[in-house]
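Visitor: First the structure, then my questions, so here it is.
The values are calculated or read from the model by the stated rules, or taken from the named source; none is laboratory data. Note that this is a predicted model, so its numbers are computed, not measured. Cβ: placed from backbone, ideal geometry, glycine included. Neighbour counts: every protein chain shown. Calculation scope for accessible area: heavy atoms of the full protein, side chains included, ligands and nucleic acids excluded. Shrake-Rupley method; radii C 1.70, N 1.55, O 1.52, S 1.80 Å.
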Amino acid sequence: MRIGVDLGGTKIEVLALAPDGSELLRERMPTPRDSYNSVVTGICGLVLDAEARLGRRGTVGLAIPGIVSPKTGLVKNANSILLIGHPLDKDLSVALNRPVRAANDANCFALSEATDGAAAGCQIVFGIIAGTGVGGGVCINGKVLGGAHAIAGEWGHNPLPATTPDEIPGPKCYCGKRGCIESWCSGPALSAQFESVTGRKLRPTEIATAARNGDATAAQIMDTYLDRFARAIATLVNILDPQAIVMGGGLSNIEQFYTELPQRVERYGFNPEGETVIVRNRHGDSSGVRGAAWLWGRGDAEH
């Protein structure tokens, strides 16, 4: 049995999977906000309760909104600040008396979709979580690619490629730089671009729908937005050449990503022999917790 835990800013979710990937149990609780120790206690409680209810012990994988530094073993780059500077995976290993594997939630999303989701059977998969931010994860042969600094897949903080004069220097990004892909292509960025032209506040999916329904201004803004997204993805394609790019997050509901973006990426890519495969996720909001469970692969021994 594999147990996955998805540690989010508002909730902690636990999922138990049978060896064939079928779901055995799912529970969640609000994420404690008072202390780091409360987070550790809450995770352990969910895992042990799940095992007690199912009458068996499982491996444990954890998806976190940040990364565990390979250099220090401490959590960094986490939007849940309670976690920063703590050896979360090691503390959970001690508390649960077994190894715990942890990975960034975008990596877990990619792993889930590469294992038994929309990109099942693909050798190289890039998973994109596009919503409030723009994150990503890489899976190769069913394994997460972490990298020397555990930041593989963080394409959102590359500069937007092939910038036009009016795109320089670009919007400020929370990371301290300007012109990051995230500052151009996130959901809030698209809404801000629309509002600056029209004075109207719409959600990204509403802008995309308006464009499809004949709103000329929305269509023009979406055209520019998709062009920027295509430039950014083409760089990924040139480096990784994935068999599939899987879209997740709130922006994955924008139909133009699947109907218009592939041919735009082909236009910017290096000598492609067909459109890049861009698909909507299969497991939706469950992909993070499923990917956490699959951090223990089919060939791993049960603990």
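Visitor: Looking only at segment 288-299, decide whether some residue is small (Gly, Ala, Ser), more than 17 Å from the chain's Cα centre (by Cα) and closer than 20 Å to residue 63 by Cβ.
Guide: yes
Visitor: Name the residue, out of 99, 87, that is in contact with a His (Cβ under 9 Å, 6 or more places away or on another chain) and more than 27 Å from residue 181 (Cβ to Cβ). Break it down into steps so the answer makes sense when it comes.
Guide: Details: 87 fails: in contact with a His (Cβ under 9 Å, 6 or more places away or on another chain).
Step by step, each of 99, 87 is checked, and only 99 is in contact with a His (Cβ under 9 Å, 6 or more places away or on another chain) and more than 27 Å from residue 181 (Cβ to Cβ).
Visitor: Look at residue 124 and say whether it is within 24 Å of residue 110 (Cα to Cα) and open to solvent by less than 50 Å² (accessible area, probe 1.4 Å).
Guide: yes
Visitor: For segment 85-118, name all the residues that are out of contact with any Lys or Arg (no Cβ under 6 Å at 6 or more places or on another chain) and aliphatic (A, V, I, L, M). Write out each step before concluding.
Guide: Quick first cut of segment 85-118, residues out of contact with any Lys or Arg (no Cβ under 6 Å at 6 or more places or on another chain) only: 85-111, 113-116.
Residues satisfying the conditions are 88, 92, 94, 95, 96, 100, 102, 103, 106, 110, 111, 114.
Visitor: Among the residues of segment 22-48, what is the count of those that are crowded, with 16+ Cβ neighbours inside 10 Å and in a loop (DSSP other than H, G, I, E, B)?
Guide: So the answer is 2.
Visitor: Taking residue 195, is it modelled with pLDDT under 95 and either open to solvent by 20 Å² or more (accessible area, probe 1.4 Å) or among the basic types (Lys, Arg) (or both)?
Guide: no
Visitor: Pick out the one residue from 88, 83, 62, 74 that is free of Cβ contacts under 8 Å to residues at least 40 places away in the same chain and closer than 26 Å to residue 137 by Cα.
Guide: Testing whether each residue is free of Cβ contacts under 8 Å to residues at least 40 places away in the same chain and closer than 26 Å to residue 137 by Cα leaves just 74.
Visitor: Do you know which of the residues in segment 151-175 that are under 28 Å from residue 76 (Cα atoms) and out of contact with any strand residue (DSSP E or B) (no Cβ under 8 Å at 6 or more places or on another chain) is surrounded by the most Cβ atoms within 10 Å (Cβ to Cβ)?
Guide: Ranking the candidates gives 161 first.
Visitor: Within segment 227-240, does at least one residue satisfy the condition of being assigned to a loop (DSSP other than H, G, I, E, B), surrounded by 23 or more Cβ atoms within 10 Å (Cβ to Cβ) and of a type outside the set (Phe, Trp, Tyr)?
Guide: The answer is no; no qualifying residue exists.
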